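The values are calculated or read from the model by the stated rules, or taken from the named source; none is laboratory data. Keep in mind the model is a prediction, meaning the values are calculated, not measured. Methodologically, a virtual Cβ is constructed for each residue, glycine included, from the backbone with ideal geometry; neighbour enumeration extends over all protein chains shown. In case anyone asks, the SASA skips ligands and DNA or RNA and just uses the protein heavy atoms, side chains included. Shrake-Rupley method; radii C 1.70, N 1.55, O 1.52, S 1.80 Å.
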Amino acid sequence: MDPVRNPYAPGAGQRPPELAGRGRELEVFDIVLERIARGRPERSLMLTGLRGVGKTVLLNTLRSQAINRLWGTGKIEARPDQSLRRPVSAALHMAVRELAPHHRAPDRIDAFLGVLKAFAMRTGTGSGGRGSTTPRLRDRWQPGIDVPASAGRADSGDIEIDLVELLTDAADVATDVGTGIAIFIDEMQDLGAEDVSALCAACHELSQLGAPLIVVGAGLPHLPAVLSAAKSYSERLFRYQRIDRLDRIAADQALCAPAAREGVEYEQKALDLLYEKSGGYPYFVQAYGKSTWDHAPRSPVTAADVRVAAPEAEAELAVGFFGSRFERATPAEREYMRAMAALSLVTGESERNAETGGARDDMDAAVPTAEIARSLGRKPASLSPARDALIKKGLIYSGERGTVAFTVPHFGRYLRTQPA
């Protein structure tokens, strides 16, 4: 079939041609926006899930919903080596610029931008005291805001105090124009501990005030634990939505709907095999779909076409999706992950046998850290540096105390096929 007409899109954060299986999440967010528009209290939203399940795509789609309701929006991607000040300043600047044409008092916008500029330029508590904007030379940075920085608001140097004041003022601007502001944060688990604490405190204050500003975050499965470690009340502060792999109906829809628009059909056995290969993970669905399209000679697509195309899809995943992550690990970290992979298969088979009466190597179970140490003949404490480094690199996470699991679907299966 014509590769130019291939509709599938296996890209990082790239919206698939058919956003299947996410109707409930879109409906919930639409209700959140409508409730806030009517002055009803609502919580900020946190999306959690493994890599490759479409969190970034969903985050971008939710942002589009807010924009369609004339909300001010901004989006950032958290990084472990970056303070929240600069990216959140840029996001809020964008959001307020979207609202500014609808505001009847330009001076009110300028006043907020002065506070925003002071917040952005303040790097932390120092000898300069409140309002100081004299950071070290290497930290000097000028936001693109064409008003003077104000003093006495959101510029204390304490990120928690400053963020509460800044977001409260931003919400007031949104109230003036009868709309709201939504800040979207991807890879939220990578925020520093102080920034997470500050963000929780700000969301708590906004919730109590009923202010029209919400935060929509997306992160790995341990994001709730990161938030809870910062503020104990975070369990009640946010609405959590777990984003999982697609069920069979949604996975078939993701493949068949865009193909049908190009006049192409799939045989049932082809869909069976594609679901078995992809496991229903959206990124894998797109990867196998794209490769199958390029190899299939004609419609309808058959199981034989899938079998011919699968090695190419798997080779591409091995390099771009799995291999690139594996290469980031040190030898000690790779040894740790190989032990995890072997143990996750054993643990996963045991769990699946109990549940379904059969074993499948299609997903990896969480593994006790004590078992990893035992399998390597090491003391658990000696493996802590490798475990902590892998968590910081986003390759594994600890969903429950004393256990670890891969953040990437099928990563254990990939490791089990690689030579030691």
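For Leu84, the conditions (1) more than 17 Å from the chain's Cα centre (by Cα); (2) touching a residue at least 60 places away in the same chain (Cβ under 8 Å) all hold with the exception of (1).
Within segment 277-313, being part of a helix (DSSP H, G or I), touching a residue at least 12 places away in the same chain (Cβ under 8 Å) and open to solvent by 50 Å² or more (accessible area, probe 1.4 Å) holds for Lys277, Tyr283, Lys290, Asp294, His295, Arg307, Val308, Glu312. Criterion first (exposed (fewer than 15 other Cβ atoms within 10 Å of the Cβ) and modelled with pLDDT under 95) does Pro41 satisfy it? Judged against the criteria, Pro41 is a match. Considering only segment 201-247, how many residues are of a type in the set (Gly, Ala, Ser), touching a Pro at 6+ places or on another chain (Cβ under 9 Å) and more than 26 Å from Asp388 (Cα to Cα)? The total comes to 2. Annotation: of all residues in segment 258-275 being in a helix (DSSP H, G or I) and touching a residue at least 40 places away in the same chain (Cβ under 8 Å), the one that is surrounded by the most Cβ atoms within 10 Å (Cβ to Cβ) is Ala259.
Please work out if Ala202 is of a type in the set (Gly, Ala, Ser), open to solvent by 40 Å² or more (accessible area, probe 1.4 Å), out of contact with any Ser or Thr (no Cβ under 6 Å at 6 or more places or on another chain) and under 21 Å from Arg79 (Cβ atoms). Working first, answer last.
Values: of a type in the set (Gly, Ala, Ser): yes; open to solvent by 40 Å² or more (accessible area, probe 1.4 Å): no; out of contact with any Ser or Thr (no Cβ under 6 Å at 6 or more places or on another chain): yes; under 21 Å from Arg79 (Cβ atoms): yes.
It is false that Ala202 is of a type in the set (Gly, Ala, Ser), open to solvent by 40 Å² or more (accessible area, probe 1.4 Å), out of contact with any Ser or Thr (no Cβ under 6 Å at 6 or more places or on another chain) and under 21 Å from Arg79 (Cβ atoms).
Before we move on, is Arg338 over 21 Å from Gly412 (Cβ atoms), over 24 Å from the mean Cα position of the chain (by Cα) and open to solvent by 40 Å² or more (accessible area, probe 1.4 Å)? No: the conditions fail for Arg338.
Remark: pairs (first residue in segment 217-242, more than 22 Å from Leu62 (Cβ to Cβ); second residue part of a helix (DSSP H, G or I) and open to solvent by less than 30 Å² (accessible area, probe 1.4 Å); Cβ separation under 7 Å; 6+ apart in sequence or on different chains) = Ser228/Ser234; Ala230/Val196; Ala230/Ser197; Ala230/Cys200; Lys231/Ser197; Lys231/Cys200; Lys231/Ala201.
Apart from one condition, Val319 fits all of (1) open to solvent by less than 40 Å² (accessible area, probe 1.4 Å); (2) under 19 Å from Val408 (Cβ atoms); (3) aliphatic (A, V, I, L, M); the exception is (1).
Looking at this structure, is Ile391 open to solvent by 10 Å² or more (accessible area, probe 1.4 Å), within 20 Å of Pro224 (Cα to Cα) and either more than 24 Å from the chain's Cα centre (by Cα) or among the hydrophobic types (A, V, I, L, M, F, W, C) (or both)? The answer is yes for Ile391. Condition (residue is in a helix (DSSP H, G or I) and surrounded by fewer than 18 Cβ atoms within 10 Å (Cβ to Cβ)) applied to segment 5-16: is it met by at least one residue? Scanning segment 5-16, I find at least one residue that is in a helix (DSSP H, G or I) and surrounded by fewer than 18 Cβ atoms within 10 Å (Cβ to Cβ), so the answer is yes.
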